[in-house]
Amino acid sequence: MKILVVAETLDDGIDPVSLELLTAARTVAETTDEVVAIAFAETSSTPAESLGSADRLICVEGANTDTLTPEAIQSHVLEILECETPELVLVAYSAMGLDLASWLAARAEMGLTAYVNALEHEEGGKIVAHSQLYGGKMLARTELALPNVLSITPGNFPEAPRTAAEKVEAFEPKPLENCQIQLKSLQSPELEGVNLTTSDRILCIGRGISDENGVEQARQLATLLSADLAGSRPVVDGGLLEKRRQVGKSGQKVKPKLYIALGVSGAPEHLEGMAGSEKIVAVNTDPDAPIFNVAHYSVNCDLFDFMQALGDRLEESPAETG
Ligand SMILES: Cc1cc2nc3c(=O)[nH]c(=O)nc-3n(C[C@H](O)[C@H](O)[C@H](O)COP(=O)(O)OP(=O)(O)OC[C@H]3O[C@@H](n4cnc5c(N)ncnc54)[C@H](O)[C@@H]3O)c2cc1C
């Protein structure tokens, strides 16, 4: 079996999600199977130094930010797919992957399995994918029909080691015709004030916080904890916190030493931004909340009782900083 992994690059090298995809591929690959990675980068670039867990790396040459539109990515990957004819294609459930996975599956007439957070190779050669659907409220087990495109939720597989690829091939894509989208410029959001990506302690509030009074209590607790206050998307969309404090797929990816989640359900899009935190404490009244699957400490109680109890304790003996 051949497994194709579509890697993603960042300005300063490889997106860690690409290394997670390689681990996912290795989870189902037998010793005789081949794992092939695709990177939109030159053969001499950082991706080639990092994607050595693949048996072979195909570098799409000349793919820079001026040309790398969703249409271009789709066309280049399809071209490679037609040459390689893999049984499985692994794509991240990311901004790029969201565009790519379903388009590719339809075009190449492959199955599509989305929101995958675990993979198993069962006896008899069956490959089983586990997915979290509806924000983690439903768990699906899918016996894969091959060929299949898997859209993998980031934050669920450990990163494969960053080693240099031994077999690197340059791929010159066909020129694109009739492109409807052109990239004019790339603008990164401003991150003035708090920068959650470097925080050691984060107190994150979810929809369970209810209103501004709840946010104010959480703000006071964050101060006592020497933690930065963050929120899930509904909290930010509801105007209770600024956008730069959002954790998750469309917010910040964080890896603090301590992450306390209050009234956060643990939807895949939230977990994607915080599952790599060193210690996760989750407080939720729902004993089945998916956040408990990634928490190191699960507290099944009302978050307001928790805030009160922890706040009282910290006032008696303040938290050490650092
Ligand atoms: C493309 C895309 C991108 C997205 N990006 C993000 C993102 O960046 N970040 C993000 O967070 N989400 C993102 N989402 C949304 C995501 O799917 C979820 O809807 C969201 O994470 C849910 O937020 P929540 O956990 O705060 O709310 P809910 O899912 O409503 O959960 C609230 C939780 O609070 C608990 N609760 C309620 N009251 C209390 C109480 N008094 N005490 C204790 N527990 C209580 C409930 O049991 C529940 O589990 C994205 C979705 C899409 C489709």
Length-normalised contact order of the range 196-316, Cα under 8 Å, at least 6 apart, in percent, tallies to 25
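Which whole-number percent gives the relative contact order of the chain, counting Cα pairs below 8 Å spaced six or more residues apart?
16
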Candidates Leu98, Leu90, Leu21; GNM for the chain (alpha-carbon contacts under 10 Å) flags as most fluctuating Leu98
Between Leu139 and residues 5 or more places away or on another chain, the pairs with built amide H atoms under 5 Å apart involve Leu133
Of all lysine pairs in the chain that are eight or more residues apart or on different chains, those with Cα atoms under 20 Å apart total 10
The range 83-179: antiparallel bridges as % of DSSP beta bridges, rounded to 5, reads 55
Taking r as the C-beta separation of Lys279 and Glu122 and R0 as 35 Å, the FRET efficiency to the nearest 0.05 is 0.60
In the chain, helical segments from DSSP H whose Cα atoms cover 18 Å or more along their own axis and that average at least 0.5 on the Kyte-Doolittle scale are 16-28, 95-107
Taking a label point 7 Å from the Cα of Asn178 along Cα-to-Cβ, the residues of the range 78-95 whose backbone nitrogen sits under 19 Å from it are 78-79
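Which peptide among 120-129, 26-35 comes first, and what is the full order, when sorted by highest mean count of other Cβ atoms within 10 Å?
26-35, 120-129
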Taking every DSSP bridge whose two residues both lie in the range 2-171, the antiparallel percent to the nearest 5 is 35
The chain, Gaussian network, Cα under 10 Å: of Leu183, Leu203, Leu100, the residue fluctuating most is Leu183
Once the dipole of the range 2-171 is set up from charges on Cβ (+1 Lys and Arg, -1 Asp and Glu), the residue from the list Pro70, Val89, Thr153 lying farthest towards its positive end is Thr153
GNM on the chain, Cα springs under 10 Å; top mean-square fluctuation among Gly239, Gly97, Gly273 goes to Gly239
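Given +1 on the Cβ of Lys and Arg, -1 on the Cβ of Asp and Glu, and no further charges, what dipole in debye does the range 59-132 carry about its Cα centre, rounded to the nearest 20?
Here the range 59-132 has a charge dipole of around 220 debye.
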Distance in nm between Leu78 and Gln220 label points, each 7 Å along Cα→Cβ, equals 5.9
If the label point sits 7 Å along Cα→Cβ of Arg141, residues of the range 107-131 with amide N under 13 Å come out as 119-123, 127-131
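Based only on other Cβ atoms within 10 Å, what is the fewest-to-most ordering of Cys204, Cys301, Cys59? Each step should come with its number before you reach the end.
Details: Cys204 35, Cys301 11, Cys59 24.
If I rank by nearby Cβ atoms, fewest first, I get Cys301, Cys59, Cys204.
Please report the antiparallel percentage of DSSP beta bridges with both residues in the chain, rounded to the nearest 5.
The antiparallel fraction comes to roughly 20 percent.
Each value in this text was obtained by applying a stated rule to the coordinates, not by laboratory testing. These numbers were taken from a predicted model, which means no experiment stands behind them. Methodologically, a virtual Cβ is constructed for each residue, glycine included, from the backbone with ideal geometry; neighbour enumeration extends over all protein chains shown.
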